[in-house]
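Enquirer: Have a look at this one.
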Amino acid sequence: MNTYYAHPTAVIDEGCEIGHGTKIWHFTHVMPNAKLGKNCNLGQNVVVSPEVVLGDNVKVQNNVSIYTGVICEDDVFLGPSMVFTNVMNPRSAVDRKNQFMRTNVGRGASIGANATIICGNDIGEFAFIGAGTVIVEDVPSYSLWVGNPGKMIGWMSEFGHRLEFNEAGIAACPESGEEYKLELDRVLKL
């Protein structure tokens, strides 16, 4: 008996692992050897390629393709129509399936609608990638990125609020009250 929900139009290939409480919606395809954690939510028209790994509580909005080589840790949010790539120099007539690059999306990170993540660039924990941003380099934990190419413009709390640091390098999240320290171009939660 399945402990997850799949809409009747979803295609679930043999050999995937799907965690308890996960929901897979209209016209979504989960390919062989993909691994989905508990309580994930995959919107309509999502493709999860072979060997992709999604942690627990990953939210994938409509029209997202997650290609081989992508790993999303727990609590990741993938906004509508955002894009991952998996080959640096694709050509239709050249088989590069043995050159798929790895991209890791850290716990709690959010990637906005229509953003593009170029393969081989990791996204740190609780990073926030704005809508339409194109990421062409590694993204530090808690950082906020916008633009094309993506540029870091600040820092975010685990609750998704912009952090304003005082002279001592301390900031508090306005929602949770949790404090963070900025030190040597890194943010650490206190």
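Enquirer: Just for the range 23-54: of the residues that are among the hydrophobic types (A, V, I, L, M, F, W, C) and assigned to a loop (DSSP other than H, G, I, E, B), which one is surrounded by the fewest Cβ atoms within 10 Å (Cβ to Cβ)? Write out each step before concluding.
Expert: Pass one, the range 23-54, residues among the hydrophobic types (A, V, I, L, M, F, W, C): 24-25, 27, 30-31, 34, 36, 40, 42, 46-48, 52-54.
Narrowing further to those that are assigned to a loop (DSSP other than H, G, I, E, B): 25, 27, 31, 34, 40, 46, 52.
Details: 25: 18, 27: 15, 31: 19, 34: 23, 40: 24, 46: 23, 52: 24.
It comes out as 27.
Enquirer: Can I ask one more? Would you check which residues across the range 114-133 are of a type in the set (Ser, Thr, Tyr) and under 15 Å from residue 61 (Cα atoms) and list them?
Expert: Matches in the range 114-133: 116 only.
Enquirer: Answer yes or no as to whether residue 62 is buried (at least 22 other Cβ atoms within 10 Å of the Cβ) and over 13 Å from the mean Cα position of the chain (by Cα).
Expert: Working: buried (at least 22 other Cβ atoms within 10 Å of the Cβ): no; over 13 Å from the mean Cα position of the chain (by Cα): yes.
No.
Enquirer: Return the residue satisfying two criteria in turn: it lies in the range 124-147 and is of a type in the set (S, T, N, Q) and touching a residue at least 24 places away in the same chain (Cβ under 8 Å), and of such residues it is nearest to residue 160 (Cα to Cα).
Expert: 143
Enquirer: Does residue 39 satisfy the criteria of being on the phi > 0 side of the Ramachandran plot and in contact with a Cys (Cβ under 8 Å, 6 or more places away or on another chain)? Break it down stepwise before answering.
Expert: On the way: on the phi > 0 side of the Ramachandran plot: yes; in contact with a Cys (Cβ under 8 Å, 6 or more places away or on another chain): no.
Here the answer is no, as residue 39 does not meet what is asked.
Enquirer: Kindly indicate which of 151, 181, 97 is of a type in the set (Lys, Arg) and under 22 Å from residue 81 (Cβ atoms).
Expert: Checking each option against the conditions leaves just 151.
Enquirer: Further question on the same structure: With 85, 28, 22 as the choices, which residue is modelled with pLDDT under 95 and closer than 27 Å to residue 160 by Cβ?
Expert: Among 85, 28, 22, only 85 is modelled with pLDDT under 95 and closer than 27 Å to residue 160 by Cβ.
The values are calculated or read from the model by the stated rules, or taken from the named source; none is laboratory data. Given the structure is predicted, the values throughout are model-derived calculations rather than measurements. Heads up, the Cβs are rebuilt from the backbone with ideal geometry, glycines too, and the neighbour counts pull from every protein chain shown.
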